[in-house]
Amino acid sequence: MFLLLSDSIVDGGTGYRLSRSGSERAISEMIISKQGVCMLLKAKWVLPVSKKPIEDGAVVISGDTIEAIGKFKELKKKHPKEKIKDCGQAVLMPGFIDAHSHFEYSAFRGLCDDLSFSHWKMQVTKKGNKFLDEDWFCSAKLGVLEAVRSGITCVADSTSTGASLQATKEAGLRGVIFYEVTGMDDSKVNEIVSKSKKIVSSWQVKADGTNLKIGVSPYSVYTVSPPLFKSVSHWAREEGLRVCFHLAGSPDEYGFVKYGSSSLATLFLKQMGWDDFLWQPTGVSPVKYVEQWDALESGKVMVVHCVQVSDEDIDILKKYDVSIAHCPKCSAKLGMGIAPLRKFLHRNLKVGMGMDSPASNNTMDMFDEMRIGLLLQRGLEEKVDEFSAENFVRLATLGGAQALRMDSEIGSLEEGKKADLIAVDISHAYQSPMCDPYSILVYTANQEDIIFTMVGGKVLYEEGEYFTLDKKKVLAMVKPLRNKLKG
Ligand SMILES: [Zn+2]
């Protein structure tokens with residue numbers, strides 16, 4: 001245990017690398033030891049999320065775990081020998097949980113803007129064919145670089161290549177990496193599932209000893225045949241795997257399932273070489289359709305988007321305790337619509353905030369996501385009292401942890417939970433004079449305001465410095481990718 005003030009200190013005996021001092025919000029160190037070490041983090045505001053904000057608060061961290069939380073003065077008396085890190089005029093809070101991402105598509109940022117969902121999907125798929133394995137990896141590295149810089153400490157990332165697994169592992173993030181399964185040819189179901197089992201098994205070995213778990217993602221109703229959905233669901237149930245897939249996003253997806261129509265049934269299937277397989281109207285909604293093929297039954301299912309849903313669909317999701325990755329910015333940008341969030345929450349569904357990928361959302365800025373999400377709901381509901389800034393901070397942290405069924409470990413600052421924390425600088429002119437911390441976070445802050453990102457007691461980012469990533473190298477690596485993706 002040691003006391004860390006804002007000036008530069010080096011303590012070789014503890015396994016910490018401590019670095020520069022500087023601004024009044026100086027915080028500076030990287031934990032490179034796996035041994036249990038203690039420190040006391042203090043800030044103007046500590047936001048446990050599960051309890052009321054604490055002004056002039058502090059958090060005591062021991063190894064990878066939160067040991068105590070409370071007023072700085074009181075904690076200092078109880079822990080007089082602990083090193084102190086003063087985050088200054090900042091909000092110390094749980095790290096953001098991105099309940100849906102595709103890191104490997106980060107280099108597609110800005111390439112397919114201003115297209116409707118189906119046309120966006122076709123363009124992205126077409127351009128993706130130009131990528132080799134190393135390109136996907138470079139693109140995923142760009143994604144984790146942005147995530148760490150933006151205060152995301154845990155992700156639910158879907159990938160077909162495994163690039164995200166390697167990149168997320170190297171970055172030191174926590175999360176679930178979902179292997180994407182696709183296939184519309186019923187004759188190949190056994191072959192696809194057998195291959196998928198091998199890949200998931202090898203990914204589990206790669207994730208062993210890290211903060212990552214492996215799940216499976218039957219991608220969507222327009223890329224996965226009914227028997228494949230059924231087979232993957234049964235496999236996931238047997239193995240206890242987490243499952244994630246896109247569901248009821250766009251009006252085109254709704255038309256594809258219910259009426260056998262839309263660009264997905266014609267242009268998209270043709271582009272994928274699946275136009276030989278006769279796709280017929282099912283007469284039901286996407287949610288009802290996947291229920292018929294057992295896709296909701298495995299027990300740990302999270303679905304993404306859920307915009308085109310009826311009250312009856314929401315009842316079905318509740319029946320299977322399905323959680324939802326709510327992606328308001330992506331859904332609005334691609335013209336999918338606005339999800340009925342109030343109804344999800346009134347039915348006590350587990351809901352987290354997802355940002356999909358820079359290919360659709362352009363940035364992975366959870367402040368932006370919370371702000372846009374809140375404003376869209378107010379516009380939709382035509383009233384202001386249904387949602388508050390606090391509601392959205394909760395969705396972006398504890399809600400995400402619940403959606404991933406990881407809330408016993410992360411999502412709020414509580415004794416015994418993992419030390420996944422971020423500090424948000426709130427000293428700017430646009431944040432003054434200071435008011436309620438929830439208001440500051442949702443209505444004024446941006447991803448650049450993150451000054452500190454910690455996962456499991458290890459500092460990944462601090463004031464411009466990355467401890468697990470080489471920013472210059474990553475940006476140089478992704479530059480040539482743009483040329484590949486043009487055209
Ligand atoms: Zn997605």
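Given a Förster distance of 25 Å, report the FRET efficiency between L278 and T125 from their Cβ-Cβ distance, rounded to the nearest 0.05.
Values: r = 21 Å, r/R0 = 0.86.
Rounded to the nearest 0.05, the efficiency is 0.70.
How much of the DSSP beta bridge set in the chain is antiparallel, as a percent to the nearest 5?
On the way: 32 of 69 bridges.
The antiparallel proportion sits near 45 percent.
Enumerate the calculated ³J(HN,Hα) couplings along the stretch 111-117 in order (Karplus 6.51 cos²θ - 1.76 cosθ + 1.60, θ = phi - 60°), each rounded to whole Hz, writing x wherever the residue is Gly or Pro.
Karplus-based 3J(HN,Hα) across the stretch 111-117 equals 7, 10, 6, 6, 10, 6, 3 Hz.
Sort 75-86, 227-238 by packing, meaning the average of other beta carbons within 10 Å per residue, with the highest value first. Don't skip to the answer; put the middle values down first.
Numbers: 75-86: 17.3, 227-238: 20.0.
Listed from highest to lowest mean packing, they are 227-238, 75-86.
If you check each cysteine of the chain for another cysteine whose beta-carbon is under 4.7 Å away, which ones come up empty?
Those would be C38, C87, C112, C138, C154, C244, C306, C435, since no other cysteine Cβ in the chain comes under 4.7 Å of theirs.
Which whole-angstrom value gives the distance between the alpha carbon centres of the stretch 358-433 and the stretch 458-487?
What the calculation gives is 25 Å, centre to centre.
Express the relative contact order of the chain as a whole percentage, based on alpha carbon pairs under 8 Å and six or more residues apart in sequence.
Working: 1107 pairs, mean separation 94.0, N = 487.
Reported as a whole number, the value is 19 percent.
Give K52/K83; K141/K197; K195/K300; K198/K471 a once-over and call out the pairs whose C-alpha atoms are over 30 Å from each other. The partial results should precede the final answer.
Values: K52/K83 25 Å; K141/K197 26 Å; K195/K300 22 Å; K198/K471 33 Å.
Beyond 30 Å: K198/K471.
Using the Cα centre of the chain as the reference point, and only Cβ charges (+1 on K/R, -1 on D/E), how large is the resulting charge dipole? Debye, rounded to the nearest 20. Could the numbers behind the result be given before it?
Values: 61 positive and 62 negative charges, 148 e Å.
Dipole about the Cα centre, nearest 20: 700 debye.
Quick one: helix 471-485 against the long Cα principal axis of the chain, what's the angle to the nearest 10°, folded into 0 to 90?
Tilt relative to the chain: about 20 degrees.
Any idea what angle helix 226-239 forms with the longest principal axis of the chain, computed on alpha-carbon atoms, 0 to 90 degrees, nearest 10?
The helix 226-239 is inclined about 40 degrees to the chain.
Quick query: amide H of R405 versus all other amide H atoms, modeled in the peptide plane; which residues come in under 5 Å with a sequence gap of 5 or more or a different chain?
none
Tell me, what HN-Hα J-couplings in whole Hz come from the Karplus equation 6.51 cos²θ - 1.76 cosθ + 1.60 at θ = phi - 60° for each residue of the stretch 320-332, using x for Gly and Pro?
Whole-Hz 3J(HN,Hα) from phi for the stretch 320-332: 9, 6, 7, 9, 10, 9, 8, 10, x, 6, 4, 4, 6.
What number, in percent, do you get for the relative contact order of the stretch 147-204 if the mean sequence gap of Cα pairs under 8 Å and at least 6 apart is divided by its residue count?
Numbers: 46 pairs, mean separation 18.6, N = 58.
Computed over the stretch 147-204, the figure is 32 percent.
What lysines sit close enough to K270 to cross-link, taking a C-alpha to C-alpha distance under 20 Å and skipping anything fewer than 8 places away on the same chain?
Partners found: K121, K126, K127, K130, K188, K258.
With runs of 4+ DSSP H residues as the only contributors, calculate the mean residue ellipticity of the chain at 222 nm using -39,500 (n - 2.57) per run, divided by the residue total and rounded to the nearest 500. Intermediate values should be presented prior to the final figure.
Working: 17 runs with 167 residues, N = 487.
About -10000 deg cm²/dmol.
Skipping prolines and chain starts, which residues have an amide H placed within reach, meaning under 5 Å, of the one on V459, given they are 5 or more residues away or on another chain?
I31
Amide H of K350 versus every other amide H placed in the peptide plane: which residues, excluding those fewer than 5 positions away on the same chain, fall under 5 Å?
Under 5 Å from the amide H of K350: I324.
Beyond 32 Å, how much of the Cα-Cα pair distribution for the stretch 96-403 remains, as a whole percent?
Values: 8916 of 47278 pairs.
I get 19 percent for the Cα pairs in the stretch 96-403 exceeding 32 Å.
Hey, can you rank 411-423, 154-166, 369-381 by average C-beta count inside 10 Å, highest first? Each step should come with its number before you reach the end.
Working: 411-423: 22.5, 154-166: 25.3, 369-381: 19.2.
Top of the packing list down: 154-166, 411-423, 369-381.
I'd like to know which of S101, N211, L228 lies farthest towards the positive end of the charge dipole of the stretch 96-403, counting +1 on Cβ of Lys and Arg and -1 on Cβ of Asp and Glu.
Value computed over the given set: N211.
Under a crude label model (7 Å from the Cα following the beta-carbon direction), how far is D185 from K471 in nanometres?
Placing both labels 7 Å along Cα→Cβ, they lie 4.7 nm apart.
Return H346, H428 ranked ascending by Cβ neighbour count within 10 Å, so the fewest neighbours appear first. Walk me through the numbers on the way to the answer.
Working: H346 11, H428 14.
Exposure proxy ranking, most exposed first: H346, H428.
Using a 10 Å cut-off on Cβ atoms, rank the peptides 271-282, 99-110, 387-398 from the highest mean neighbour count down. Please list the in-between numbers first.
Values: 271-282: 13.1, 99-110: 26.6, 387-398: 22.9.
Averaged packing, sorted descending, gives the order 99-110, 387-398, 271-282.
Taking θ = phi - 60°, what integer Hz values does the Karplus form 6.51 cos²θ - 1.76 cosθ + 1.60 yield along the stretch 137-147, in sequence order, with x for Gly and Pro?
Per-residue couplings from phi come out as 5, 4, 5, 5, 5, 4, x, 5, 4, 5, 4 Hz.
Quick note: the coordinates plus some simple rules give every number you see, no bench work behind them. Only a predicted model underlies this, so the values are computations on that prediction, with no experimental measurement involved. Neighbour counts are summed over all protein chains in view; Cβ atoms, including those assigned to glycine, are modelled from backbone coordinates with ideal geometry.
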